[in-house]
1. Using a simple charge model, +1 on the beta-carbon of Lys and Arg, -1 on the beta-carbon of Asp and Glu, nothing else, what dipole does segment 1-91 show about its Cα centre, in debye to the nearest 20?
2. Leaving out ligands, DNA and RNA, and with a 1.4 Å probe, what % of the accessible surface on the chain is carbon or sulfur?
3. Keeping all protein chains in place, calculate the accessible area per residue for the chain (probe 1.4 angstrom), answer in Å².
4. Counting only residues 5 or more places away or on other chains, whose amide H sits under 5 Å from the amide H of Leu51 once H atoms are built in the peptide plane?
5. List the residues, sorted by chain then number, that are 5 or more residues from Thr57 or on another chain and whose placed amide H is less than 5 Å from its amide H.
6. Hey, what's the Cα Rg ratio for the chain versus the globular rule of thumb, 2.2 N^0.38 Å?
7. Name the residues whose placed amide hydrogens come within less than 5 Å of the amide hydrogen of Glu74, ignoring near sequence neighbours (fewer than 5 apart) on the same chain.
8. Between 0 and 90 degrees, rounded to the nearest ten: what's the tilt of helix 36-47 against the longest Cα principal axis of the chain?
Amino acid sequence: GRIVIENLRGSRNLPARLSELRAALCRYHVFFDADNSGRGFVEAAQSEGLLAHSEFTLATVPGLRESELEDMLEPALYSASLLEQFRVDLSSPPFRRAGKWTVRLKAAFLHDGHPWNDSTTAGTVKAAVARLVSESPGSALHAQRRSAFDALVRTLETLLSTG
């Protein structure tokens with residue numbers, strides 16, 4: 001009746017971690033970004049027999065071909081903080097375009113004349129956004145983009161109730 005949430009710190013670690021969990025007789029459910037990388041690692045884990053269709057949820061967002069967890073969030077939650085902390089205006093056209101969150105965020109940084117580094121900048125911004133989500137979880141999800149997250153919650157509730 002317990003749930004543990006882990007950040008794998010990279011999709012490459014998925015097969016090894018699933019093998020460890022399976023060996024320890026743990027039940028698991030994977031929540032991955034619905035981008036090429038996330039889908040690729042889910043498909044690889046499935047082909048290795050480590051992940052059934054019922055054991056994962058992708059962070060899909062209606063209308064986006066590729067999406068990430070951050071695409072499900074309400075921009076009003078973090079836009080003022082990112083403007084203050086990084087001096088990047090998320091009301092700019094590059095961020096308002098269609099596409100997954102990190103691509104739009106990188107475009108907004110570059111548009112406003114700020115450097116972008118995929119590992120350090122993205123990690124720092126994601127950490128700042130995660131902190132804001134943890135401080136205001138009730139208002140963190142965008143009303144029209146939360147369906148996959150709601151499905152994840154239903155799945156986890158079912159798993160917990162069935163022991």
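1. 420 debye
2. Carbon-and-sulfur percentage of accessible area, whole number: 54.
3. Working: 9610 Å² over 163 residues.
I get 59 Å² per residue for this part.
4. Gln46
5. Correct list: Val30, Phe31, Phe32.
6. Working: Rg = 16.9 Å, N = 163, 2.2 N^0.38 = 15.2 Å.
Compared with the compact-globule rule of thumb, the chain sits at 1.11.
7. Placed amide hydrogens put Leu141, His142 under 5 Å from Glu74.
8. On a 0 to 90 degree scale, this one is about 10.
The values are calculated or read from the model by the stated rules, or taken from the named source; none is laboratory data. For clarity, every value in this text was computed on a predicted model and none was experimentally measured. So basically every Cβ, Gly included, is an ideal-geometry build from the backbone, and we count neighbours across all protein chains shown. Each accessible area value is taken on the protein alone, full model and side chains, heavy atoms only, with ligands, DNA and RNA left out. Shrake-Rupley method; radii C 1.70, N 1.55, O 1.52, S 1.80 Å.
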